[in-house]
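Step one of this worksheet: look at the structure below.
The values are calculated or read from the model by the stated rules, or taken from the named source; none is laboratory data. Since the structure is predicted, the reported quantities are computational estimates derived from the model, not experimental observations. Positions of Cβ are backbone-derived with ideal geometry, glycine not excepted, and every protein chain shown enters the neighbour counts. When the accessible area is computed, the model is the full protein with side chains, heavy atoms only, and any ligands, DNA or RNA have been set aside. Shrake-Rupley method; radii C 1.70, N 1.55, O 1.52, S 1.80 Å.
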Amino acid sequence: MCAGLVLAPAGHGSAHGQALLTVVDAVARATTQNPDARMADIAGHEAATRVAQARAGLFPRVDVTDMWQRGNQPVFVFGSLLGQQRFTEAHFAIPSLNRPDAIDNFRVAVAAEHLVYDGGAARSRIRAARLGVMQADTDVVAVRQALTLTVTSAYGAVLQTVAAGATAQAALDAADADLARATARRDAGLATDADALAVEVHRARVAEMRLRASLAEDLARAELNRVMGEPLDAHFTLELPPVSSAPPTADAGALETEAVAGRPELRRAALDVDVSGSRLAEARAAYRPQVFAQAGWEGNGGAWHDRAGSWGVGAGVRLNVFRGGADRARVAEAEHAVQRVRVAREQIETAVRLDVRAAVARVETAYARQTLAASVVAQAQERQRIVRDRYEQGLADVTTLLQAAEAVMQAHEQQTRARVDVLIERASLDKAVGR
């Protein structure tokens, strides 16, 4: 196959009228339409709302209550009359105090409380929430990088199935030509019916391979559409990338350094360390005093439209003296969490470095296989030509002829796999480096 070959879908007619889809286009579609990418974006908006929730701790809390009550409970009646400012000397009578008549009380209250100082707990929560936004942004990058590799793999799978179908079709055409040769030699008395039957069996096997390749192509295209977020029945014309003769040259150490700086997993791990530090600071804030201020106003009346108002203000200090050891356990838990995420980050860094080395090795191997596959195709085609000439001259049997045909078919498949592997392994290297 030549470089830049456009591959049309087998079994669906020509590529006329179908959109040309490159790997770059497929990745762009996936990063905007794939459900994983969309969920990652939504998670980022979720994280942003947590910052607003955490910032609410810096502001006063104000509650308004409007309620109606009725009863003859002595304390309720006594307090309601005082709140309504309707208490008189007659209400001091013992019978009135013990067995008062039922009354209505319409009460509206406005209460405000502001935590002036909480030991830094609120600011620690705000910092953790902001770090959560950065984590969500990092997750978006990670999802997009993973989708890039997934899309490239799915794209390559379609290329392989299309190429397999084209190879099978070429092999089917060659089998028809070989059958014609075998039939002509049989009719000329230079070969037996067994030769023609052997070629016919070979042709039937190749036709089955062509059918299997068509079915595999349909499934591969549906999978590519799923990853891109397109309808499963959408059809695109895919382009086999041109052959690149040499792998990208880069120092392995430099690639590892780039990966440590750019891999979203490592950035997420570093943010996990910071978040756990904020949680530890929040837990330690429980040992510090809290300073608060309060203010309130309420109106009480025997009717909804007739109420007497009163107000009150206050301030105080709340000190945590003893909670059964819960705060101490919470601090210890947070300290262990900090240690755990630090170890996890070290583990991830080691895995990232190993991932880069493995990806570099796979890319070099893929390029070597691509070079080898090109020579194998040329050799297989030349051998088939020679065998056909020898068969027509009666110097080779039909088994050798069929073996040569099989070798050509396998060589073409090997070449396509090698080129697709280069495409996938380069994407894998980019992901390993964090690009």
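If you go through the stretch 58-66 one residue at a time, do you hit one that is out of contact with any strand residue (DSSP E or B) (no Cβ under 9 Å at 6 or more places or on another chain), β-branched (Val, Ile, Thr), more than 30 Å from residue 420 (Cα to Cα) and surrounded by fewer than 12 Cβ atoms within 10 Å (Cβ to Cβ)?
Keep residues of the stretch 58-66 that are out of contact with any strand residue (DSSP E or B) (no Cβ under 9 Å at 6 or more places or on another chain), which gives none.
No, the stretch 58-66 has no match at all.
Take the residues in the stretch 92-107 that are touching a residue at least 60 places away in the same chain (Cβ under 8 Å) and either in contact with a Ser or Thr (Cβ under 7 Å, 6 or more places away or on another chain) or part of a helix (DSSP H, G or I) (or both), then tell me which one is farthest from residue 55 (Cα to Cα). The residue in question is 103. If the condition is being over 17 Å from residue 405 (Cα atoms) and open to solvent by less than 40 Å² (accessible area, probe 1.4 Å), then the stretch 158-180 contributes 158, 159, 161, 162. With respect to (1) farther than 23 Å from residue 291 by Cα; (2) open to solvent by less than 40 Å² (accessible area, probe 1.4 Å), the lone exception for residue 124 is condition (1).
Of the residues 279, 328, 268, only one is assigned to a helix (DSSP H, G or I) and either exposed (fewer than 14 other Cβ atoms within 10 Å of the Cβ) or of a type in the set (S, T, N, Q) (or both); which?
Going through 279, 328, 268 in turn, the sole match is 328.
When residue 23 is tested against (1) without any contact (Cβ under 8 Å) to a residue 60 or more places away in the chain; (2) among the β-branched types (Val, Ile, Thr); (3) more than 28 Å from residue 134 (Cα to Cα), exactly one condition is not met: (1). Set side by side, the residues 208, 223, 200, 217 differ, and just one is of a type outside the set (A, V, I, L, M, F, W, C), open to solvent by 60 Å² or more (accessible area, probe 1.4 Å) and closer than 19 Å to residue 421 by Cα, which is 223. For residue 81, the stated conditions do not hold, so it cannot be described as open to solvent by less than 60 Å² (accessible area, probe 1.4 Å) and farther than 24 Å from residue 308 by Cα.
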